[in-house]
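S.K.: Okay, handing you the structure first.
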Amino acid sequence: MDQLLVALDLDSAAEAHAMADGLRGAVGGFKVNVHLFTQEGPAFVKALVERGDRVFLDLKFHDIPNTVASAVRAAARLGVWMLNVHASGGRSMLEAARRAADQSAEDHGHRPLVIAVTVLTSLNELALGEVGIPAHPDAQAERLAALAQDAGLDGVVASPLEARRIRERCGPEFLIVTPGIRGAADRADDQARTLSAVEAVQAGTNYLVVGRPILRASDPRQAARAIAGSLGTLK
């Protein structure tokens, strides 16, 4: 159950709170994306934290080092459990994010996990080439994961297709968070590189971020339990 994080990719705080209330106790936490955060603001995040939820703040910070450090400190003050930055922001930005998280632990007694986005799951080799990156997604993800680890971050966000390669490169303690988890009937959407929950964990991921297969289910709690149950068979 703890491995399963639900993406609250919904349009309002009311919808998201209703979904969280229905899933609480059946999942390990909730992801808040840039859409919901822009719509509802920090107060929504604080409300989840105050209810005891682990919140993954998925804003993908990507800016100059000082700006990203300030954003990390602000997120830490909200009490989020985990946040992310873009690995492509470079070493200096990644190190600034890590230092800001460490400083937050000293200042407020709370340090969020800081993970780096490698290659978005919507991108394929053609899309990378269009933005001037002449690399296959798995090679680029591994390269950025190694950079994030060298910069002292806690882990990365990566497609399940890159998880095994990153695990082999970065070792057992480095966190891998996998979005875009799909079932066989869900794969024809904007996610280009997906696997099932079981396949992703077998490949080495630590946390699974699941949105549509749970949010769109007739019984979201049962859908979440089914996914968590499938992972129990791996133990």
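The values are calculated or read from the model by the stated rules, or taken from the named source; none is laboratory data. Worth saying up front: this structure is predicted, and the values here are computed from it rather than measured. For neighbour counting, all protein chains shown are included, and Cβ atoms are generated from backbone atoms with ideal geometry for every residue, glycine included.
S.K.: Under the condition of being closer than 18 Å to residue 161 by Cβ and among the polar types (S, T, N, Q), which residue from the stretch 200-227 is farthest from the chain's Cα centre (by Cα)?
M.R.: Applying the filter and picking the extreme gives 202.
S.K.: Out of (1) under 22 Å from residue 163 (Cβ atoms); (2) at pLDDT below 95, what's the single condition that is false for residue 107?
M.R.: Of (1) under 22 Å from residue 163 (Cβ atoms); (2) at pLDDT below 95, only one is false for residue 107: (1).
Condition check ((1) closer than 30 Å to residue 128 by Cα; (2) of a type outside the set (Phe, Trp, Tyr); (3) part of a loop (DSSP other than H, G, I, E, B)) across all residues:
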| site | (1), (2), (3) |
| --- | --- |
| 71 | yes, yes, no |
| 75 | yes, yes, no |
| 98 | yes, yes, no |
| 106 | no, yes, no |
| 110 | no, yes, yes |
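S.K.: Pairs needed: first member in the stretch 45-62, touching a residue at least 60 places away in the same chain (Cβ under 8 Å) and hydrophobic (A, V, I, L, M, F, W, C); second member anywhere, surrounded by fewer than 21 Cβ atoms within 10 Å (Cβ to Cβ) and assigned to a loop (DSSP other than H, G, I, E, B); C-beta distance under 7 Å; at least 6 residues apart or different chains.
M.R.: 56/81
S.K.: Looking only at the stretch 131-145, count every residue that is crowded, with 16+ Cβ neighbours inside 10 Å and outside any helix (DSSP H, G or I) and tell me the total.
M.R.: 1
S.K.: Return a yes/no flag: does the stretch 152-163 have any residue that is touching a residue at least 60 places away in the same chain (Cβ under 8 Å) and small (Gly, Ala, Ser).
M.R.: No: the stretch 152-163 contains no residue that is touching a residue at least 60 places away in the same chain (Cβ under 8 Å) and small (Gly, Ala, Ser).
Results for (1) among the hydrophobic types (A, V, I, L, M, F, W, C); (2) free of Cβ contacts under 8 Å to residues at least 60 places away in the same chain, shown as yes or no for each residue.
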| residue | (1), (2) |
| --- | --- |
| 3 | no, no |
| 31 | no, no |
| 68 | yes, yes |
| 81 | yes, yes |
| 88 | no, yes |
| 91 | no, no |
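S.K.: Taking the stretch 9-29, which residues are farther than 19 Å from residue 180 by Cα, touching a residue at least 40 places away in the same chain (Cβ under 8 Å) and in a loop (DSSP other than H, G, I, E, B)?
M.R.: Of everything in the stretch 9-29, just one residue is farther than 19 Å from residue 180 by Cα, touching a residue at least 40 places away in the same chain (Cβ under 8 Å) and in a loop (DSSP other than H, G, I, E, B), namely 26.
S.K.: Could you tell me how many of the residues in the stretch 60-70 are among the aliphatic types (A, V, I, L, M) and crowded, with 18+ Cβ neighbours inside 10 Å? Let's see the steps before the verdict.
M.R.: So the first thing to find is which residues in the stretch 60-70 are among the aliphatic types (A, V, I, L, M), and the list is 64, 68-69.
Now restrict to residues that are crowded, with 18+ Cβ neighbours inside 10 Å: 68-69.
Residues that pass the stated criteria total 2.
S.K.: Could you go through the stretch 29-50 and let me know if any residue there is buried (at least 21 other Cβ atoms within 10 Å of the Cβ), touching a strand residue (DSSP E or B) at 6+ places or on another chain (Cβ under 7 Å) and closer than 22 Å to residue 94 by Cα.
M.R.: yes
S.K.: In the stretch 80-127, what residues are closer than 18 Å to residue 58 by Cα, among the polar types (S, T, N, Q) and surrounded by fewer than 24 Cβ atoms within 10 Å (Cβ to Cβ)?
M.R.: Selection gives 88, 122.
S.K.: Hey, does the stretch 117-125 have a residue that's without any contact (Cβ under 8 Å) to a residue 40 or more places away in the chain and not in a loop (DSSP other than H, G, I, E, B)? Can you show your working first?
M.R.: Step one: list which residues in the stretch 117-125 are without any contact (Cβ under 8 Å) to a residue 40 or more places away in the chain, which gives 120, 125.
Restricting the remaining residues to those that are not in a loop (DSSP other than H, G, I, E, B) gives 125.
The answer is yes, given that some residue of the stretch 117-125 is without any contact (Cβ under 8 Å) to a residue 40 or more places away in the chain and not in a loop (DSSP other than H, G, I, E, B).
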